[in-house]
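Contents: one structure, followed by commentary.
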Amino acid sequence: MLSLAVVVDSMSGSTTMKLQSRCKHSFLPWIGAVTFALVALFTFQSDGSAQVSFASSADVEDVTYAADVADIIQNNCTVCHRPGGIGPMDLVTYEDARRYARRIREQVANKLMPPYYYDDDIGIQELDHDWRLSEEDIAMVVAWVDQGAALGDPADMPPPPDLVGTDDWSLAPMLGQPDVVVPSAPIDVPAFGNDMWHRPFAEVGISEDRCIAALQVKPAGDAKGVVHHANSTFQLLQDDGSFEGSGDRATEYAMGKLGELIPDGVCRTLPADAWVRWDIHMYPGGLGAAAANDVLEDNVVELGIWLHPKDYEYEYEQDLSQYRIRQGGELVMRPHGTAMMQGFHSFDHPVRLDSFQPHGHLRLRSASLEVFYPETGRSEMLSMISNWSATWHQSHIYSSDVAPLIPAGAVIITKQWYDNTAGNPNNPDPDQWVADGSRTADEMSHAWIAVTHLDEEGYEEMMEERETAEERRITQQD
């Protein structure tokens, strides 16, 4: 296997951002319990993040809220913008939407809301649970505002969406309540101070190996205002009272991440008699609208696990890892400088990449995932996020029929671009040196990738299935 990290200093250059230009519709009532720590600081990203509106309302006439826009707002905005939600204003009624109509137009037209920052003209576009609005929906919202934001006939108003509670499990509408809930040990978080870490162990309470269907990490109550990230790995209790890693990771949580759904036919293993080792990063007092600015007593972070039935059948194992794609210590930015980080990894067996989630802090602006095929010298871009946001860490889940199939020996490449200049609207202080580190003020460079590990027979079978499906599609078109 190959594992290497390279950093390229580009202090004299400037990071060029690339905006999305084509989106798909998504339905979001299941994300009601979304929480993250820096909500208000970057709730609406600065106008510097997006200067051009691509939407056009020229061909849309007589648009009203009741008949045309309410459904879009309810299914994509109200989930966060409601009493007790994480949005900075409510978007529940027509009066709410009318009050903020110009702001809604700006955010929707520039594709800053809903917050799913994934380029729509580069790489794989077929994603599960994709939040991006379609061009038609964007044009409809823009036209509604441009035409005066009329209510229309109240009889045309759709019924309100059925949303989960703001402190409930976001995946529950799809999957029901989790089979197992593993809370961290409570901890008091002071009102002020430096970043702090909490690493307790918690027993899962399952006595046999099981396959995981989905996972969600949820800071409970006011904890959402102070939790930067919360990682969880499975550990096994030894006879001497110590713990040893099982080699299995539960999941990774960072600001804005909703959870993970495991593809059908594969198994991410919950080991028998496992414990969870938490690694929770907190910022005392919190930041943004959710900041408590006070002592938070008995803070808890919960891990919800949905399990497959005991007789669940699968062929291959899946795991989530950074795969040592980068190694710490190389990332340094001078004041008003920029930088780029690259990471490389290859497998000695074929794999399928199921999801991609870049990670960074306040200076990360863009990230990509590609694959290099040594036998042919060809490179393929898989995913690009040109307008990355530190407050919305998304696990971009590839649809099963397009998830990248990577042959043994091919090289996975991650690239991340950083901007420590005043031109970065998320940068709290461009006069500071910034280095690799775990604090919120530091910077990180890695990606979480969910991988299904295949054998040659399974790889060839999947490739053949896709070729057959493509031939069938072409034939039907003809």
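The values are calculated or read from the model by the stated rules, or taken from the named source; none is laboratory data. This is a predicted model, so every value here is computed, not measured. Reconstructed Cβ throughout: ideal geometry from the backbone, glycine too, with neighbour counts over all protein chains shown. Note: areas computed on protein heavy atoms with side chains; ligands, DNA, RNA excluded. Shrake-Rupley method; radii C 1.70, N 1.55, O 1.52, S 1.80 Å.
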Inset, instruction - Hey, could you get me the Stokes-Einstein D for segment 155-281, Kirkwood radius over alpha-carbon pairs, 10 °C and 1.306 mPa s, rounded to whole µm² s⁻¹? - result: 96
Legend entry - Of all accessible heavy-atom area on segment 131-230, the percent that carbon and sulfur account for (1.4 Å): 51
Inset, instruction - Please work out the Cα center distance from segment 400-447 to segment 178-210, rounded to the nearest Å. - result: 27
Inset, instruction - For ASP348 and SER400, calculate 0.36 nm times their separation in residues minus their Cα-Cα distance, and state this gained length in nm to one decimal. - result: 16.5 nm
Inset, instruction - Can you bin segment 379-421 into rounded, prolate or oblate? Criterion: square roots of the alpha carbon gyration tensor eigenvalues sorted a ≥ b ≥ c, rounded for a/c under 1.5, prolate for a/b above b/c, oblate for the rest. - result: oblate
Legend entry - Area of ASP298 that stays accessible when all protein chains are in place (1.4 Å probe, Å², to 10): 100
Inset, instruction - Multiply the residue gap between ARG199 and VAL295 by 0.36 nm, knock off their C-alpha separation, and tell me the result in nm, one decimal place. - result: 32.6 nm
Legend entry - Packing rank of 80-93, 390-403, 302-315, where each peptide gets the mean count of other beta carbons within 10 Å, highest leading: 390-403, 80-93, 302-315
Inset, instruction - Determine the distance separating the Cα centre of segment 81-154 from the Cα centre of segment 342-389; give it in Å without decimals. - result: 29
Legend entry - Protein-only accessible surface order, largest first, of LYS224, LYS257 at 1.4 Å: LYS224, LYS257
Legend entry - From phi via Karplus (6.51, -1.76, 1.60), per-residue ³J(HN,Hα) for segment 374-383 in Hz, x at Gly/Pro: x, 5, 10, x, 8, 10, 10, 7, 9, 8
Legend entry - Residue-by-residue Karplus 3J(HN,Hα) for segment 443-458, coefficients 6.51, -1.76, 1.60, Hz, glycine and proline x: 10, 10, 8, 7, 9, 8, 10, 8, 10, 9, 8, 9, 10, 4, 5, x
Inset, instruction - State in Å² the accessible area per residue of segment 375-428; use a 1.4 Å probe, count heavy atoms of protein chains only, and round to the nearest integer. - result: 32
Inset, instruction - Percent of Cα-Cα pairs per 5 Å bin, from 0 to the last occupied bin, for segment 310-402, please list those. - result: 2, 8, 18, 22, 20, 13, 9, 5, 2, 1, 0, 0
Legend entry - Long-range amide H partners of ASP248 with built H, under 5 Å: PHE234
Legend entry - segment 231-319 - Rg over Rh from alpha carbon coordinates, Kirkwood radius: 1.05
Inset, instruction - Show TRP169, TRP197 ordered by accessible area, largest first, where the area counts protein heavy atoms only and the probe is 1.4 Å. - result: TRP197, TRP169
Legend entry - Long-range HN-HN contacts of ALA150 with modeled amide H, under 5 Å: TYR65
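Once Rh for segment 311-352 is found with the Kirkwood sum over Cα pairs, what is the Stokes-Einstein diffusion coefficient at 37 °C and 0.692 mPa s, in µm²/s?
This corresponds to a translational diffusion coefficient of 230 µm²/s.
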Legend entry - Chain lengthening between GLN177 and SER438 when straightened (0.36 nm per residue, less Cα-Cα): 90.7 nm
